[in-house]
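Data first, discussion second: the structure below is written as structure tokens.
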Amino acid sequence: MEIFLVIGRETRLIVVDEGDLVEVLLEGCEPDAEVWLEETDEPLGRKITVVEAGIKHRGKVHVSRCRHIEVAVRYNGEDKRRSFRPATPIARVYQWAAGPEGFDLPAAERPKHTLLIGEVEPDPGDHVGSFAVDCAVLFSLVPKQRFEG
Amino acid sequence: MSEQIQAPDERIFRVHVAGAAFQIGVEAGRWRLVSTAWPYALIAIGAAVRSNGPEEFYLRFELTNYPADAPTATPVEAPTDTPWDPAACALLPAERRPKGQRVGMAFRTNWEDGRTLYIPCDRIAIPGHEGWTIQGRAWAWDPSKDITLYLRLVHQMLNDEDYEGV
């Protein structure tokens, strides 16, 4: 079976056997790294098989040594902070940042903004842990770029 | 039996299409490679559900000297021929193009006769629009990028809330 393995900003498409243990996915990674399914609160056990762990063919898993990512989002010179699990999709981080617990953008403005880190606009499906350094990340909340003129 | 030798641009494109960044988009239903007839490739890109919109739009990419040179893409009608003939592709007419603030501008028909997307990673659109990359470089092409940069931007626009269907 094929698995999308997300390590930092790199995604690899790897082939494993259904009976392989989760720890196979950690070969070459830091010793304290763990494997995470999206939107889960705990990492997968290392000694269970990938199938027992609930990993599907062409499913996406995240490798991180961080149990939490400390996220800061900057908007108009102000920062809001919250922690997320590493395999949290950027779409959820954006929902928080633009929503009532974040900067509470007017409903009409929410679709017109996005998160930016450096020169990269992450995809909604990217994992927040992919952009972290030392388990922390700072995004800017900015208007989506318009291409006119 | 002779084996066709691929030029470097085609070889790199095929490596990118087989790679994780492209395939993860395929798996998520964001895009799919329909056909290739080098230097052309036909790629379908998924759009948000609208009562008056199709599930996908088709782009015919011209990929000469990829990725040193940016791709350029033409919005075309759904293919009906087998095998696909890139020269026979019909330009997508204005009434069947996606509407909406951002995506409508990208698929405009009053520039280059609608044969090119008006976005900063398109080879034809880049000259004369250097201001786009001064505003931000998130979508600027350079040879380290791959086709998914272009696809991500178009998919984002086709799934924005302001996309209105056709």
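A few comments on the model shown:
- Qualifying residue in region A:129-139 (condition: within 14 Å of another protein chain (Cβ to nearest Cβ), over 30 Å from residue A:2 (Cβ atoms) and modelled with pLDDT of 95 or more): yes
- A single member of B:75, B:83 is of a type outside the set (D, E, K, R) and under 13 Å from the mean Cα position of the chain (by Cα), and it is B:75.
- Restricting B:62, B:27, B:77, B:55 to those that are among the acidic types (Asp, Glu) and within 26 Å of residue B:142 (Cβ to Cβ) reduces the list to B:62.
- If you filter region B:104-113 down to residues that are within 12 Å of chain A (Cβ to nearest Cβ) and open to solvent by 40 Å² or more (accessible area, probe 1.4 Å), you find that the one that is nearest to residue A:141 (Cα to Cα) is B:105.
- Strands (runs of 3 or more DSSP E) within region B:27-103 that include 2 or more residues within 30 Å of residue A:3 (Cα to Cα) and open to solvent by less than 40 Å² (accessible area, probe 1.4 Å): B:31-37, B:40-46, B:56-62
- Each residue in region B:7-25 was checked for being more than 9 Å from chain A (Cβ to nearest Cβ) and open to solvent by 30 Å² or more (accessible area, probe 1.4 Å), and 7 pass.
- First in region A:1-27 and farther than 19 Å from residue B:148 by Cβ and more than 13 Å from chain B (Cβ to nearest Cβ), second anywhere and acidic (Asp, Glu) and open to solvent by less than 20 Å² (accessible area, probe 1.4 Å), Cβ under 9 Å, 6 or more apart: none
- Residues (within 12 Å of another protein chain (Cβ to nearest Cβ) and farther than 23 Å from residue A:61 by Cβ) located in region A:102-128: A:107, A:108, A:109, A:110, A:111, A:112, A:113, A:114, A:116, A:118, A:119, A:121
- Region B:114-136, residues that are in a helix (DSSP H, G or I), buried (at least 18 other Cβ atoms within 10 Å of the Cβ) and within 9 Å of another protein chain (Cβ to nearest Cβ): B:132
- Residue in region B:137-146 that is within 30 Å of residue A:107 (Cβ to Cβ) and open to solvent by less than 50 Å² (accessible area, probe 1.4 Å) present: yes
- Cβ-Cβ under 6 Å pairs, at least 6 apart or on other chains, region A:101-120 side closer than 24 Å to residue B:137 by Cβ, far side of a type in the set (Lys, Arg): A:112/A:144; A:114/A:144; A:119/B:137
- Residue B:155 vs. criteria of a type outside the set (Gly, Ala, Ser), facing chain A (nearest Cβ under 10 Å) and touching a residue at least 40 places away in the same chain (Cβ under 8 Å): yes
- Verdict on residue B:36 being more than 13 Å from every other protein chain (Cβ to nearest Cβ), under 25 Å from residue B:10 (Cβ atoms) and β-branched (Val, Ile, Thr): yes
The values are calculated or read from the model by the stated rules, or taken from the named source; none is laboratory data. Every value quoted in this text rests on a predicted model; they were computed, and no experiment measured them. Counting neighbours? That spans all protein chains shown, and the Cβs are built from the backbone with ideal geometry, glycine included. Side chains included, ligands, DNA and RNA excluded: accessible areas come from the protein's heavy atoms. Shrake-Rupley method; radii C 1.70, N 1.55, O 1.52, S 1.80 Å.
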